[in-house]
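*Asks:* Provided herewith is a single structure, encoded as structure tokens, for subsequent inquiry.
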Amino acid sequence: MEPFKSHRGLVVTLDTANVDTDQIIPKQFLKSIHRTGFGEQLFYDWRFLADGTPNPNFPLNQDRFHGASILVTRNNFGCGSSREHAVWAIQQYGFKAVIAPSKEINGTKIPAFADIFRSNSTKNGLLTVELKEAEVEEIFQMVGRYKALEITINLEEQRVTLHLPEEISFHFEIDQAIKDHLIRGLDEISQTLKHQEAIQAFESHHNPQWFVSS
């Protein structure tokens, strides 16, 4: 897993809430036994028309967003099924981070990201950034006003900066353990391997029969 400390990239906006994982990577593309090749199918049913040609109205197909590496969207992104392929598709398309807002409706908080999607993102090194609804709305407005708007996400400082004539910055919160793992590029396997010597020492001395039930 690649370390994530700071990333500057072109931003693309997807003005849709409750984007579920079947919209991110449709089910017909889950037959592969490999973990590669999913980027081409990202948002497939939205990116392409019925005849297979690109949908010119979908943001990812517009020239101004070509090469975007930061996706900004609405609340509850990644809801639906728990497929890890959704994260793989986003990363393999070229995105390094997704920004979304939390939202409160009648006293109930709607999360920026679905829990399982956020967990899968952390395990695969995709940064999910939760901002306030007003802050995300401002990003949408600035993207509409300025072409080729770039954003820097500094994980170490927990700051999102919009590179405008007068820069705008937003602070974001993140669990300290997740932040540490992303900065150091440690997935769950890497974290386990940090204790490899202790594991090998245990394996060389323990008796397998200790764990055999009678």
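Nothing in this text is a laboratory measurement; each read-out follows from the coordinates by a stated rule. Quick caveat: nothing in here was measured; it's all calculated off a predicted structure. Note: ideal-geometry Cβ built from the backbone for every residue, glycine included; neighbour counts use all protein chains shown.
*Asks:* Compute the angle between helix 133-145 and the longest alpha-carbon principal axis of the chain, please, reported from 0 to 90 degrees and rounded to the nearest 10.
*Replies:* That helix lies at roughly 50 degrees to the long axis.
*Asks:* Then there is this: Just to confirm the number: angle between the C-alpha axis of helix 115-124 and the first principal axis of the chain, 0 to 90 degrees, nearest 10?
*Replies:* Compared with the principal axis, the helix lies near 70 degrees.
*Asks:* Right, something else. Taking the stretch 86-168, how much of its Cα-Cα pair set, in percent, is spaced more than 17 angstrom apart?
*Replies:* That tail contains 55 percent of the Cα-Cα pairs.
*Asks:* Local charge sum around LEU149 (other residues, Cβ-Cβ under 12 Å, Lys/Arg +1, Asp/Glu -1)?
*Replies:* It works out to a net charge of +1.
*Asks:* Taking θ = phi - 60°, what integer Hz values does the Karplus form 6.51 cos²θ - 1.76 cosθ + 1.60 yield along the stretch 86-99, in sequence order, with x for Gly and Pro?
*Replies:* For the stretch 86-99, the Karplus curve yields 4, 5, 4, 5, 4, 5, 6, 6, x, 7, 9, 7, 10, 10 Hz.
*Asks:* Another question about this same structure. Just to check I understand the Karplus step: with θ = phi - 60° and J = 6.51 cos²θ - 1.76 cosθ + 1.60, what whole-Hz values come out for the stretch 44-53, glycine and proline as x?
*Replies:* Each residue of the stretch 44-53 in turn: 3, 5, 9, 6, 10, 7, 4, 8, x, 7 Hz.
*Asks:* Students often get this wrong, so check it: of LYS123/LYS147; LYS5/LYS31; LYS5/LYS109; LYS31/LYS132; LYS27/LYS147, which have C-alpha atoms separated by over 31 Å? The partial results should precede the final answer.
*Replies:* Working: LYS123/LYS147 33 Å; LYS5/LYS31 34 Å; LYS5/LYS109 29 Å; LYS31/LYS132 37 Å; LYS27/LYS147 34 Å.
Over 31 Å apart, Cα to Cα: LYS123/LYS147; LYS5/LYS31; LYS31/LYS132; LYS27/LYS147.
*Asks:* I would also like to ask the following. Please list, short to long, the whole-number percent of alpha-carbon pairs of the stretch 6-187 in consecutive 10 angstrom bins beginning at zero.
*Replies:* Taking all Cα pairs of the stretch 6-187, the binned fractions are 9, 38, 38, 13, 1 percent.
*Asks:* Sticking with this one: Taking amide hydrogens as modeled 1.01 Å from N in the peptide plane, which residues meet the under 5 Å criterion relative to ILE168, leaving out close sequence neighbours?
*Replies:* It is LEU162, by chain and number.
*Asks:* For the stretch 49-109, I need the span (max minus min coordinate) of the C-alpha atoms along each principal axis, in Å, sorted largest to smallest.
*Replies:* Principal-axis extents of the stretch 49-109 (Cα, largest first): 42, 25, 24 Å.
*Asks:* Which value in deg cm²/dmol, rounded to the nearest 500, describes the helix-derived mean residue ellipticity at 222 nm for the chain, given -39,500 (n - 2.57) per DSSP H run of n ≥ 4 and division by the residue count?
*Replies:* -8000 deg cm²/dmol
*Asks:* Still on this model: Go ahead and set up a Gaussian network model of the chain, Cα springs under 10 Å, then flag whichever of ILE24, ILE70, ILE105 fluctuates most.
*Replies:* Its mean-square fluctuation being the largest, the pick is ILE105.
*Asks:* Please identify, among GLY52, GLY144, GLY107, the residue showing maximal mean-square fluctuation in a Gaussian network model of the chain using a 10 angstrom Cα cutoff.
*Replies:* GLY107
*Asks:* What is the sum of charges around ALA134, taking Lys and Arg as +1, Asp and Glu as -1, for the other residues whose C-beta is under 14 Å from the C-beta of ALA134?
*Replies:* -3
*Asks:* Check ILE110: other-chain or 5+ apart residues with amide H under 5 Å from its amide H, H built from backbone geometry?
*Replies:* LYS103, GLU104, ILE105
*Asks:* Mind putting together the pair-distance distribution for the stretch 1-113? All Cα pairs, 5 Å bins, whole percent per bin, short to long.
*Replies:* Values per bin, smallest distances first: 2, 11, 19, 24, 21, 14, 6, 2, 0.
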